[in-house]
Amino acid sequence: MKTTALPSVLALAVTMALATACSTTTPAAAADHPSETVAMSVQATGKIVNIDSPSRLVTIEGEDGKQVEVHADETVRNFDQVHVGDVVQIDYVNAVTIDIQPAGSAEPGAYIKEGQDVAKTGEKPRYGKAEVVTVLAPIEAIDTVNNTITVKGPRGNVVTLDVKKPEHQARLKNLKVGDMLRIAFTEAAAVSIKPK
C-alpha cells in the first residue's frame, strides 16, 4: 500500500469542494500549466474459497488468511463465471490535483464527471467506477510578501491559502487576479476476477 498525506491546503480545498453544488460538465484543463498531484492508492487481492450461488454470496480469503463474505448483487454480471480458486483484485485510487488556469479559460464553479465499467456478457465479472470533482475558484488577491493567494469558492466564500513550497512561491509573481485555482478530486475503484 502506498500513501501520501494531504497537505493542509488540500484539506481546506476538499472542504470548499464538498460544500458546493456540482455541474456535470467538466472544463478541460490547460495543458501548458504545471500541476501537482497528491495521491493515495491501495491494492488488495484475495482468493475465492466458497460460493453460495443461490444467495449470491462469495467468501474471499485475503493474503493474511482472513475471510470475508461478500454479496454479489444483480449488478454483478456473469456471476456464473465466478469459480472457487479465482483471484479477486481490488484497486482504489484517491487523488487531488491542483493547478492554475488562465483567466477566462472556463467558468468558475464546481463540476462532476463520472465513469463506469462493467463486464460484457461472457466475460469474468468486473466493475470499475471513477468520479472526478473539479472546483474552479478565481483568484481574488495575490500576496507575494506573505506568500498567499485568496480565492473565491463556488458559493462565494473567500479563502486565503498559504503557498508553502518555494517553487510555488516563485511562481506567484506570474499570477494575475482573475486566474483560477483548479482543484480536481479523483476517486476510482475497480474490482476484477482472474481465473485460478
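The values are calculated or read from the model by the stated rules, or taken from the named source; none is laboratory data. Small disclaimer: the values here were computed from a predicted structure and weren't measured. Cβ coordinates were reconstructed from backbone atoms using ideal geometry, including for glycine residues, and neighbour counts include every protein chain displayed. Areas reflect the complete protein model, heavy atoms only, side chains present, ligands, DNA and RNA absent. Shrake-Rupley method; radii C 1.70, N 1.55, O 1.52, S 1.80 Å.
Could you check, for the stretch 130-146, whether at least one of its residues is surrounded by fewer than 18 Cβ atoms within 10 Å (Cβ to Cβ), free of Cβ contacts under 8 Å to residues at least 24 places away in the same chain and of a type in the set (Val, Ile, Thr)?
Within the stretch 130-146, one or more residues are surrounded by fewer than 18 Cβ atoms within 10 Å (Cβ to Cβ), free of Cβ contacts under 8 Å to residues at least 24 places away in the same chain and of a type in the set (Val, Ile, Thr).
Just checking: which of the strands (runs of 3 or more DSSP E) contained wholly in the stretch 126-195 hold 2 or more residues that are small (Gly, Ala, Ser) and touching a strand residue (DSSP E or B) at 6+ places or on another chain (Cβ under 7 Å)?
126-143, 180-194
Quick one: count up the residues across the stretch 85-104 that are part of a loop (DSSP other than H, G, I, E, B) and open to solvent by less than 60 Å² (accessible area, probe 1.4 Å).
4
What pairs come up if the first residue lies in the stretch 92-118 and is in contact (Cβ under 8 Å) with a residue 24 or more places away in the chain and hydrophobic (A, V, I, L, M, F, W, C), the second is open to solvent by 40 Å² or more (accessible area, probe 1.4 Å) and part of a loop (DSSP other than H, G, I, E, B), and their beta carbons are under 6 Å apart, counting only those six or more places apart or on different chains?
Once the first residue is in contact (Cβ under 8 Å) with a residue 24 or more places away in the chain and hydrophobic (A, V, I, L, M, F, W, C) and sits in the stretch 92-118, its partners that are open to solvent by 40 Å² or more (accessible area, probe 1.4 Å) and part of a loop (DSSP other than H, G, I, E, B) give Ile100/His33; Ala110/Cys22; Ala110/Pro154; Ile112/Cys22; Ile112/Thr24; Val118/Arg77.
Inspect all residues belonging to the stretch 158-179 and state whether any of them is small (Gly, Ala, Ser), in contact (Cβ under 8 Å) with a residue 12 or more places away in the chain and exposed (fewer than 13 other Cβ atoms within 10 Å of the Cβ).
Within the stretch 158-179, one or more residues are small (Gly, Ala, Ser), in contact (Cβ under 8 Å) with a residue 12 or more places away in the chain and exposed (fewer than 13 other Cβ atoms within 10 Å of the Cβ).
When you check Glu74 against the structure, is it acidic (Asp, Glu), part of a loop (DSSP other than H, G, I, E, B) and closer than 30 Å to Lys194 by Cα, yes or no?
Here the answer is yes, as Glu74 does meet what is asked.
Step by step: first the residues of the stretch 53-71, then only those that are in a strand (DSSP E or B) and acidic (Asp, Glu), then the one that is surrounded by the fewest Cβ atoms within 10 Å (Cβ to Cβ). Which residue is that?
In this case the residue turns out to be Glu69.
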